[in-house]
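The values are calculated or read from the model by the stated rules, or taken from the named source; none is laboratory data. Note that this is a predicted model, so its numbers are computed, not measured. As a convention, Cβ positions derive from the backbone with ideal geometry for all residues, glycine included, and neighbour counts pool all protein chains shown. Note: accessible area is taken over every heavy atom of the protein model, side chains too, but ligands, DNA and RNA are not part of it. Shrake-Rupley method; radii C 1.70, N 1.55, O 1.52, S 1.80 Å.
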Amino acid sequence: MKLYYRGVLCQTGSYRVMGENKPALFYISSPNQETMLDAGFTEIHYGLWLKLLSDAEYREILDAIEDEPESSDLLKRHL
């Protein structure tokens, strides 16, 4: 699902870390690089920017999705 997280358009998914799948947000675009870095995105591999989510951040996103299940432009209110 595509959503806005702290001003950054990203895609939800998971990323495998040390043999375990972790919830993650994959970078799509942002107004500028500062916004992306402030939101916590890092370059895992060349050209692959993502943010691994903590349990609290993951729960916050799931709660927002449950609040607005029909919206495709979900979290425009910027988590």
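Of all residues in the range 7-33, exactly one satisfies the criterion of being over 18 Å from Glu60 (Cα atoms), surrounded by 13 or more Cβ atoms within 10 Å (Cβ to Cβ) and among the aliphatic types (A, V, I, L, M), namely Ile28.
Residue pairs whose Cβ atoms lie under 7 Å apart, separated by 6 or more positions or on different chains, with the first residue in the range 20-49 and touching a residue at least 24 places away in the same chain (Cβ under 8 Å) and among the small types (Gly, Ala, Ser) and the second open to solvent by 80 Å² or more (accessible area, probe 1.4 Å) and not in a strand (DSSP E or B), are Ala39/Arg6. Looking across the range 39-63, the residues that are in a helix (DSSP H, G or I) and open to solvent by less than 70 Å² (accessible area, probe 1.4 Å) come down to Glu57, Ile61, Leu62, Asp63. Would you mind stating whether Leu9 is in a loop (DSSP other than H, G, I, E, B), touching a strand residue (DSSP E or B) at 6+ places or on another chain (Cβ under 6 Å) and modelled with pLDDT under 95? No: the conditions fail for Leu9. For the list (1) open to solvent by 30 Å² or more (accessible area, probe 1.4 Å); (2) part of a helix (DSSP H, G or I), I need the number of the one condition that Met36 fails. Among (1) open to solvent by 30 Å² or more (accessible area, probe 1.4 Å); (2) part of a helix (DSSP H, G or I), the lone unmet condition for Met36 is (1).
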